[in-house]
Each structure stands twice: as C-alpha cells, then as structure tokens.
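Shown next, in structure tokens, is the structure this report addresses.
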Amino acid sequence: MPSDLIKIGEKEIVLIGTAHVSKTSVEEVREAIETRRPEVVAIELCKNRYDVLKNPKAWQQTDIIKVIREKKASFLFANLVMASFQRRIGEKFGIKPGQEMKVAIEVAEKLGVPVALIDRPIQTTLQRAWRNLTFIERIKLIWTSLISIFAVDDLEEDTIEKLKEKDVLSAAVDEIARAAPTIKKVLIDERDTYMANKIAELEENKILAVIGAGHMQGIKEQLASPASDNRELEDVPAKKRGFWKWLIPLAIFFFVLAGFFFGGPKQGYEVLKWWLVCNAVFAALGAMVALAHPITILVAGLASPITSLNPTLAAGWFAGLSEAYLKKPTVADFESVQDDISSIKGFWKNPITRILMVVVFANLGSAIGAIVAMPILTRIIISG
C-alpha cells in the first residue's frame, strides 16, 4: 500500500493510498493507525457518504418522486451505477466497498482519535461534472458506466492490488484525462485540491489521511503549494442557459414556417408530422428499453415533441413521474436495491432503478429523436 510522510512546518502528514475494494488495504489501514497513533485520522469521505457508511439503511428514506421533481434522477442513477461496479468487485473478492474507510473510522474511535471528513460533498462533485459535460460527453459517460458493470467479471484480485501501484495508476489517470478531460478535472484534480486544503486546515500536527491511491500524487503536489480556500470548488455552476439550447426550437419553428410558406399547407403539415413522429418514437423506445409500463411509454412519446421545444422541460421527467405513480415503490424495494444493483438483471427488476432508467433513457431517446428529425425535415423542405 503506497504511503508518504510529508512535513509542513510542525505538521507531519502521513498519506495512506488505498484501493477501495482491496482486502489488503483494510488491514494495512488498521495497522497504520494502530502503529502511528496520529492525533487525527482524515478520510476521503464527505458527510453524506459518511452517514451512508454508518447507516446503510438511510437509502430507504429516499423520496423517489421528490428526486425526479428536483431533477436529480440522473445523478442518483450515476451514483448507483458506480456503487454497482464497486459492489460487484467487492462481492467477487469478499469485501465490502469502502471497508477500509469504515475500519479507519472504527479504529480511530476505539483509540479515541478524532476523525476528519475531507472530501467534497458527492452531490456537488457530480453536479459540477455533469453541468460541465457536453451532450456527447454525457452519452459517452452513461454508456461507459453501463459497460463497466459487465467488465467486473474479467478482473482478478491481483489487478485490484495493482491499482495501488503508482505507475499503473498514473497510466489509468492519464487515460481518463484523454477520454474525458472534464471528468478527470472534476473527479480527480479538483478533489485533490479540495482534500489537500482540508488536510492543511487541520489544527492537529500529527495527521494520518486515508485516501484513494489515485489521489496520492495530486494531494502531495497540492500540499506543497496549497490554494487559498475551497469556496470556488464548492460552487455548483449555474445550468447552461445559453442561446444554443434554443437552437432546436428555433430550427423547428423555421422548418415549419418554411414548409407552409414555400410548400404550402401540405408540406407544412408534413414537417410537423415527421417532427412529432421522430420525437415520439425515440422517446417511447427509450422508455421501452427501461421496460416501462405501457402508459409510461405513451407518456414519454406524447411529452417528447413538446418538451423538446422547451429547454426547461424534459420528456424523461414526465415519464419518470408516471412510472413512479404507477409502480408505487415499496419499502421492500428500497431495502433490496443494494442487492439488486449487483447484477444487470437487478437494475431492470427493482422498481427504483427502473424508474431512474426510465428518466435517463426517455431523455436520451428524446434527444436522439430531435437529432434524427433534422435531416429528414431538411430533405422535406429541399424536395418541396
């Protein structure tokens, strides 16, 4: 397990790098705390993740309808996909994800050592990442995340342990940077800075920090020249309301107007027909992929042509609310979701994850429908 001792003035900071689903990481964290006896144990957790670790059943209190209304379904779905990936690795090698953090907390409490939470709130991180992604990057992220669930069975235990080796990890981080620079910046670089600042702000002089191995090098560099504070990194960017979001509504208005003006009522109605068909069909297909209720599929199809003309609305929200009202998730569904996300089949089986998939896939289908419609409408205008 990689570790480093850093001295800043009177402070001695020991960084312990772990793989979050590693058996050896758990025991090495325990041994490090018991041997070094720090004045404070800093851990790579935010308050929300800490609460979930201490109380795994907190998930059962989630109001799924409130999640959809507050437009957080995509974030929750992304969270579950990541949790599924870690959980399946953990089950394969007989360890719970985040167990090394739990052990760090337990050992610290046993020794009477305070625990400091140094990571940025997960909701802030996800929102900053999502709102800085382009549409294409968002599709790539969703697709890659889903594919990653299938990749678990190909991993061997020595592969997990190699994740803690500096050279392998650096290569992995560089790969992320090439494929998705925004994700790497928000999920890794920003959090390196944030956690380094949190560590530097601790009053204790003998600090032991338990962090993911992927953050080791970045935090070391940031501790050498810490930023002033974390206020900028805690801000959630405002939703992009630029002119580009109105391009599709304006383009449709132009196509319909051009159809009626240049080709007469017949061509104008043809333009409208194909706009409605493309949007409705693809949004409905998205809901079908998520195995939505037939009424929800109809709702997605009816809502899509309208919501596509208004950037403040989304077909998936209406479809998700429909599915939530029709399925009415029970307490048992919330209790079983942690087990169900361990398999691909479970994602479709559990009403909670299915509702989230309805939101994501209906929105994705609606967006694809709008893109597909454009060349069709252009051909109608030109041929007319």
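The values are calculated or read from the model by the stated rules, or taken from the named source; none is laboratory data. Everything quoted here is computed from the prediction, not taken from an experiment. Heads up, the Cβs are rebuilt from the backbone with ideal geometry, glycines too, and the neighbour counts pull from every protein chain shown.
Odds and ends about this structure:
- All positions within the range 319-341 that are modelled with pLDDT under 75 and surrounded by 20 or more Cβ atoms within 10 Å (Cβ to Cβ): Asp333, Val337, Asp340, Ile341
- Ile297 part of a helix (DSSP H, G or I) and either surrounded by 16 or more Cβ atoms within 10 Å (Cβ to Cβ) or not assigned by TED's automatic domain parsing to the domain that holds Leu356 (or both): yes
- Candidate set from the range 34-58 (those that are within 15 Å of Gln123 (Cα to Cα) and assigned to a helix (DSSP H, G or I)); member that is modelled with the lowest pLDDT: Val52
- Of the residues making up the range 202-217, those that are at pLDDT 90 or above and either more than 14 Å from Ile118 (Cα to Cα) or not aliphatic (A, V, I, L, M) (or both) are Glu203, Glu204, Asn205, Lys206.
- Of all residues making up the range 7-25, the number that are modelled with pLDDT of 85 or more and under 17 Å from Gly212 (Cα atoms): 5
- Within the range 196-235, tally of residues that are among the acidic types (Asp, Glu) and part of a helix (DSSP H, G or I): 4
- Pairs linking a residue in the range 98-120 that is farther than 17 Å from Val26 by Cβ and assigned by TED's automatic domain parsing to the domain that holds Ala19 to a residue that is acidic (Asp, Glu) and at pLDDT below 95, with Cβ atoms under 6 Å and 6 or more positions apart or on different chains, are Asp119/Glu44.
- Output for the range 304-318, where each listed residue is surrounded by 18 or more Cβ atoms within 10 Å (Cβ to Cβ) and part of a helix (DSSP H, G or I): Ser304, Pro305, Thr307, Ala315, Gly316, Trp317, Phe318
- Residue check for Ser366: at pLDDT 80 or above and in a helix (DSSP H, G or I): yes
- The residues on offer are Thr330, Thr312, and the sole one that is under 19 Å from Pro249 (Cβ atoms) and without any contact (Cβ under 8 Å) to a residue 24 or more places away in the chain is Thr312.
- Residue tally, condition among the aliphatic types (A, V, I, L, M) and free of Cβ contacts under 8 Å to residues at least 40 places away in the same chain, over the range 287-302: 6
- Annotation note: Cβ proximity below 7 Å between a residue of the range 180-196 that is closer than 21 Å to Ala209 by Cα and a residue that is modelled with pLDDT of 85 or more and among the charged types (D, E, K, R) (sequence gap 6+ or interchain) occurs for Arg191/Asp119; Arg191/Arg120; Tyr194/Arg120; Met195/Glu44; Met195/Asp119.
- The residue pairs whose first member lies in the range 260-280 and is of a type in the set (A, V, I, L, M, F, W, C), whose second member is part of a helix (DSSP H, G or I) and surrounded by fewer than 17 Cβ atoms within 10 Å (Cβ to Cβ), and whose beta carbons are closer than 7 Å, counting only pairs six or more residues apart or on different chains, are Trp274/Ile376; Cys278/Val372; Cys278/Ile376.
- Filter pass, Ile352 being modelled with pLDDT under 75 and surrounded by 21 or more Cβ atoms within 10 Å (Cβ to Cβ): no
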